[in-house]
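**Student:** This structure is in structure tokens; I'll ask about it shortly.
The values are calculated or read from the model by the stated rules, or taken from the named source; none is laboratory data. These numbers were taken from a predicted model, which means no experiment stands behind them. Because the Cβ atoms are built from the backbone with ideal geometry, glycine has one as well, and the counts that use them run over all protein chains shown.
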Amino acid sequence: MSASYLPQIIDGDAPLFVISVAAQLAGMHPQTLRTYDRMGLVSPQRTVGRGRRYSPRDIAKLRLVQHLSQEEGVNLEGIRRILHLESELDDLRQQVHELTQLLSAARSAPPGPRVFTADPLGGVHIAGPRPRGPWSATKALPGRGG
């Protein structure tokens with residue numbers, strides 16, 4: 001089989017691994033993965049039959065948990081807090097990226113009045129008059145619902 005039949009990019013969130021494979025990849029016992037799932041440290045996706053399916057991102061998180069626990073001496077509550085802060089940081093980085101794109105678009109737009117509006121979910125819209133027509137709004141940033 002040639003390499004052209006292999007996926008070029010693997011989605012980091014794709015639920016690919018059953019618990020035994022995920023445990024082997026993370027260097028842990030499957031029971032440890034079940035415990036971490038119950039604690040909410042790493043929550044894999046579930047199949048229709050409720051089987052756990054771990055993504056490559058879940059495996060990386062499991063390895064981080066193991067490193068923090070065994071190498072750094074962080075307890076599980078500390079690890080939970082670290083993972084929560086990492087998640088918040090990722091969300092904020094994404095928001096900064098979106099705002100940077102919005103600012104770039106606003107700066108490159110022709111001069112004239114600009115009005116920003118927000119929808120009930122927090123999405124930001126740029127509104128302005130069309131050359132010949134009513135006001136229109138284009139979605140600039142998604143809200144919490146999408």
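**Student:** Residue by residue through region 61-86, note down the ones that are small (Gly, Ala, Ser) and either farther than 15 Å from Tyr36 by Cβ or in contact (Cβ under 8 Å) with a residue 24 or more places away in the chain (or both).
**Tutor:** Gly73
**Student:** Show the residue pairs that are 6+ apart or on different chains and have beta-carbon atoms under 7 Å apart, the first residue being within region 29-54 and under 15 Å from Val65 (Cβ atoms), the second being of a type in the set (Asp, Glu).
**Tutor:** Val42/Asp58; Ser43/Asp37; Pro44/Asp37; Pro44/Asp58
**Student:** Which numbered condition in (1) at pLDDT 85 or above; (2) more than 18 Å from the chain's Cα centre (by Cα); (3) not in a loop (DSSP other than H, G, I, E, B) is the only one that Phe116 fails?
**Tutor:** All conditions pass for Phe116, except number (1).
**Student:** Related question: Quick check: is even one residue across region 15-33 of a type in the set (S, T, N, Q) and within 14 Å of the chain's Cα centre (by Cα)?
**Tutor:** no
**Student:** Further question on the same structure: Which residue pairs have Cβ atoms under 6 Å apart, sit 6 or more places apart or on different chains, and have a first residue in region 11-25 that is crowded, with 17+ Cβ neighbours inside 10 Å and outside any helix (DSSP H, G or I) and a second that is modelled with pLDDT under 90 and of a type in the set (Phe, Trp, Tyr)?
**Tutor:** So the pair list comes out empty.
**Student:** Restricting to region 37-91, count the residues that are surrounded by fewer than 16 Cβ atoms within 10 Å (Cβ to Cβ), in a loop (DSSP other than H, G, I, E, B) and not hydroxyl-bearing (Ser, Thr, Tyr).
**Tutor:** Number of matching residues: 8.
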